[in-house]
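Working notes for the structure below.
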Amino acid sequence: MHPIATSIFLGLTAAAANVFGGAIIVQRHWERRYLRYFVALGAGFMLATALVEMVPESLELRGRSAAFLILLGYLVIHFFEHTVTPHFHFGEETHQDEFVHAHNGYSILLGLVIHTFFDGIAIASGFLVSNALGWLIFFAVFLHKIPEGFTVSSVMLVSGRSRRIAWGASVILGGATLAGVLTMALFRHHVGAGLPLSAGVTIYVAASDLVPEVNKEPGARMALLVFVGAGCVFLLDSLFHLS
Ligand SMILES: [Zn+2]
Ligand SMILES: [Zn+2]
């Protein structure tokens, strides 16, 4: 399949996972404890994919200046997720008193829209470089997509929005992911910028959004899953290179 067609198909799959994550929170009776495992596995998988695959590939594509773009990607997400937003963390939002101003919910939605846009950029950039890189990045993105949709919908509910708007917010994140894929498809000659920028975003999401959530869990089991997630990258990488 053509790399752009594959990216669009997998971008849709990732978007659907956002929407599914939103549905879990809107359907109150659905089981949601297993989501923690996605967060822990996703943290390790994303960190390894970014550092071992995306960073070296970015440096190869555009030389030392890729390093600056990686830092820029990291800082952009730090700005929109944690600087302009007063209170944000991954996972179910339960701190009602942090959301007395309803607009706080929308500033978090904005931060997550920018982050998910780069999820899409990451997938398409990966496939523009190679099939193996594209699939690894897709898995890395997919693993945190359900918790992502779940997070935005719970934020919306806590800030006083209806269940329909809460679910709609997860649909918007799915749309932003797809927009990222399509943007990279249009500007495919700029993959040398798309890959390092989205590598920085991926490092941020893994190390600064997901790992802190893992560390809130008591006991070592969740922490160990991060190693499993990272190990899966090496396993898949060797499989891809065998084929
Ligand atoms: Zn909170
Ligand atoms: Zn994401």
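The values are calculated or read from the model by the stated rules, or taken from the named source; none is laboratory data. Quick caveat, the model's predicted, so the values are computed rather than measured. Cβ placement follows ideal geometry from the backbone for every residue including glycine, while neighbour counts extend to all protein chains displayed. Calculation scope for accessible area: heavy atoms of the full protein, side chains included, ligands and nucleic acids excluded. Shrake-Rupley method; radii C 1.70, N 1.55, O 1.52, S 1.80 Å.
Per-structure values
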item: Mean accessible surface per residue for region 97-211, computed with a 1.4 Å probe while every protein chain stays in place, in Å²; result: 32 Å²
item: Relative contact order (%) - the chain, alpha-carbon pairs under 8 angstrom, separation at least six; result: 41 percent
item: Alpha carbon centroid spacing (whole Å) that separates region 175-198 from region 51-127; result: 14 Å
item: Under Karplus coefficients 6.51, -1.76 and 1.60, residue-wise ³J(HN,Hα) of region 224-232 in Hz, glycine/proline x; result: 5, 4, 4, 5, 4, x, 5, x, 4
item: In range of the label at HIS241: residues from region 116-132 whose backbone nitrogen is under 20 Å from the point 7 Å along Cα→Cβ; result: 126-132
item: Cβ-defined net charge surrounding VAL129, 11 Å radius [Lys, Arg +1; Asp, Glu -1]; result: -2
item: Probe 1.4 Å, all protein chains present, accessible-area order of HIS103, HIS144, HIS82, HIS29, largest first; result: HIS29, HIS103, HIS82, HIS144
item: Helix-only CD estimate at 222 nm, as mean residue ellipticity for the chain, using -39500 (n - 2.57) per DSSP H run (n ≥ 4); result: -25500 deg cm²/dmol
item: Fraction of accessible area attributable to carbon and sulfur, region 1-125 (%, probe 1.4 Å); result: 67 percent
item: Normalised alpha carbon radius of gyration of region 1-109 [divisor 2.2 N^0.38 Å]; result: 1.35
item: D_trans [Stokes-Einstein, Kirkwood Rh over alpha-carbon pairs] for region 161-243, 4 °C, 1.567 mPa s, µm² s⁻¹; result: 80 µm²/s
item: Whole-Hz ³J(HN,Hα) from phi, Karplus 6.51 cos²θ - 1.76 cosθ + 1.60, for region 2-9, glycine and proline x; result: 5, x, 6, 4, 4, 4, 5, 4
item: More than 22 Å apart - percent of Cα-Cα pairs taken over the chain; result: 49 percent
item: Candidates LEU136, LEU128, LEU59: whichever shows maximal mean-square fluctuation once the chain is modelled as a Gaussian network with Cα springs under 10 Å; result: LEU59
item: Region 1-48: chymotrypsin sites (Phe, Trp or Tyr not before Pro) in DSSP coil with no more than 12 other Cβ atoms inside 10 Å; result: TRP30, TYR34
